[in-house]
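All remarks here apply to the structure that follows.
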Amino acid sequence: MSNDNFPLSRDELLRAYRTMKTIREFEERVHVEFATGDLPGFVHLYAGEEAAATGIMMHLGPNDHIASTHRGHGHCIAKGVDVKGMFAELYGRATGTCRGKGGSMHIADLDMGMMGANGILGAGAPLVCGAALASKYKKDGGVAVSFVGDGASNAGNFLESLNLAAVWDLPAIFVVENNAYAQSTSRDYAVAVDSYVDRAAGFGLPGVTVDGTDFFAVHEAAGEMIARARKGGGPSLLECSMIRFYGHFEGDAQTYRAAGEVEELRANRDCLTRFAQQVAQAGVLEQADLDSVDREVAALIDEGVAEAQQAPHPSEDQVLTDVYVSY
């Protein structure tokens, strides 16, 4: 593939790589910091899945909203949430994006259209229907994207949301991040259909399955769905077949995974390695370009951790702020 017909510009490719690399390094560092015992609560890492969040979110803007899962760090970063604020949030500090009260599983940034990670499976899908309905009535061209895992795809609130979005013809995209395991249960054991596209068809939605480790495949499919939704074409479903490098949560013994499985995935299905090979073969980016991004991201991660560790905890008079809303 030549530089002339490559689907993205050089600046867009660098932006995509920076986003994926930032997610990866954020998660790898959280893995290390969590082991020290300094991070409260549960942590679910997105490492290995970066191409999906990045490929989708590159099509989104300020008027667009997303709702995440308990595995939400990657979605936050791809949507533009401040990395330093995220570290502070995970440390439970007052400078965090939720003033230290949400932590990893409920991290959010409403100003960025990130309606939150969520500890309830499938709970983001109804929120997305609401955001999409608002955009439809305001006619602001906004779309809303719901992320669920393969386990949450069986939840009633997710299936009801597919139906609601279809009935109301909402500008909503439902993304199933199929990483093969619902916590420790194999996807093949718990899902009756062969493809999540079959689920979409059952509700009258178009759907497509892509390789979630291929940034360009995700980017192309998501772009078509999002553009269709913006033009009034209604909702659709995108299944991303992907992998995760870590357990369901930090501390997961992963006894349900085969010996050597994770090592094989890191060696042969790393989305960052694949991206680097694709742009190098096309001659659109050089290794020096990627190395420069790597250094900048590493510095950002170090600064984020250091600043979060020094930030103050919420004061007593802040305990109930941002918790209850008065109407």
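The values are calculated or read from the model by the stated rules, or taken from the named source; none is laboratory data. No experiment lies behind these values; they were computed from the predicted model shown. When we count neighbours, we look across all protein chains shown, and the Cβ atoms used for this are built from the backbone with ideal geometry, even at glycine. Just so you know, the surface numbers come from the protein's heavy atoms only, side chains and all, with ligands and any DNA or RNA stripped out. Shrake-Rupley method; radii C 1.70, N 1.55, O 1.52, S 1.80 Å.
Within a Cβ distance under 12 Å of Arg295, other residues only, what is the Lys/Arg minus Asp/Glu net charge?
Here the count lands on -4.
Please compute the per residue accessible area over the stretch 119-205 with all protein chains in place, 1.4 Å probe, rounded to a whole number of Å².
Result: 42 Å² of accessible area for each residue.
Compute the distance from the alpha-carbon center of the stretch 1-53 to that of the stretch 215-258, in whole Å.
14
Would the chain count as rounded, prolate or oblate if I go by the C-alpha gyration tensor, calling it rounded below 1.5 in a/c and otherwise prolate when a/b exceeds b/c, oblate otherwise?
rounded
By the scheme Lys and Arg +1, Asp and Glu -1, what is the net charge of all other residues having a beta-carbon under 10 Å from that of Ala88?
Result for the neighbourhood of Ala88: 0.
Within a Cβ distance under 11 Å of Val143, other residues only, what is the Lys/Arg minus Asp/Glu net charge?
Taking every other residue near Val143 into account, the sum is +2.
Once phi is turned into ³J(HN,Hα) by the Karplus curve 6.51 cos²θ - 1.76 cosθ + 1.60 with θ = phi - 60°, what whole-Hz value does each residue of the stretch 24-32 show in order, with x for glycine and proline?
4, 5, 4, 5, 4, 6, 4, 4, 6
Which residue fluctuates most in the GNM of the chain (Cα springs below 10 Å): Asp302, Asp270, Asp291?
It is Asp291.
About the Cα centre of the stretch 1-69, how large is the charge dipole given +1 on each Lys and Arg Cβ and -1 on each Asp and Glu Cβ? Please answer in debye to the nearest 20.
100
So how far apart, in nm, are the two label points at Ala192 and Lys138 if each is 7 Å from Cα heading toward Cβ?
3.9
Loop only by DSSP, 15 or fewer other Cβ within 10 Å of the Cβ. Give me the trypsin sites (Lys or Arg not before Pro) in the stretch 74-176 that pass, ordered by residue number.
Counting only loop positions with at most 15 other Cβ atoms within 10 Å, the trypsin sites (Lys or Arg not before Pro) in the stretch 74-176 are Lys139.
Indicate, rounded to the nearest 5 percent, the antiparallel portion of the DSSP beta bridges found entirely in the chain.
10
Taking θ as phi - 60°, what are the ³J(HN,Hα) couplings along the stretch 152-158 by the Karplus curve (6.51, -1.76, 1.60), each to the nearest whole Hz, with x for Gly and Pro?
Computed from phi, the couplings for the stretch 152-158 are 5, 5, 8, 6, x, 5, 6 Hz.
Any idea how far apart Val319 and Asp11 come out in nm if each label point goes 7 Å out from Cα toward Cβ?
Taking the simple label geometry, Val319 and Asp11 are separated by 5.0 nm.
What residues have an amide H closer than 5 Å to that of Tyr181, excluding those fewer than 5 places away on the same chain, when H is modeled at 1.01 Å from N in the peptide plane?
Excluding prolines and chain starts, which carry no amide H, the hits are Arg187.
Hey, what number do you get for the chain at 222 nm if only DSSP H runs of n ≥ 4 count, each worth -39500 (n - 2.57), divided across all residues, to the nearest 500?
So the calculated ellipticity at 222 nm is -14000 deg cm²/dmol.
May I ask you to derive the relative contact order of the chain, considering only C-alpha pairs under 8 Å and at least 6 residues apart, and to give it as an integer percent?
23
Can you tell which of Thr273, Thr97, Thr213 shows the greatest fluctuation in a Gaussian network model of the chain with Cα springs below 10 Å?
Highest fluctuation of the listed residues: Thr273.
To make sure I understand the rule: partners must be aspartates and glutamates, Cα under 12 Å from the Cα of Lys21, and not fewer than 8 residues away in the same chain. Which ones qualify?
Partners found: Glu49, Glu50, Asp270, Asp291, Asp294, Glu296.
Please check: in the Gaussian network model of the chain (C-alpha springs, under 10 Å), which one of Gly55, Gly102, Gly212 has the largest mean-square fluctuation.
Most flexible of the set in this elastic network: Gly102.
Could you give me the ³J(HN,Hα) list for the stretch 89-103, computed from phi with Karplus coefficients 6.51, -1.76, 1.60 and θ = phi - 60°, whole Hz, x at Gly and Pro?
5, 5, 7, x, 9, 5, 8, x, 5, 10, 6, x, 9, x, x
Check cross-link reach from Lys138 to the lysines: straight Cα distance under 27 Å, and skip same-chain residues fewer than eight apart.
Lys79, Lys231
Enumerate the lysines that Lys101 could reach by cross-link, defined here as Cα to Cα under 18 Å, with residues fewer than 8 away along the same chain left out.
Within the straight-line limit of under 18 Å, Lys101 reaches these lysines: Lys84.
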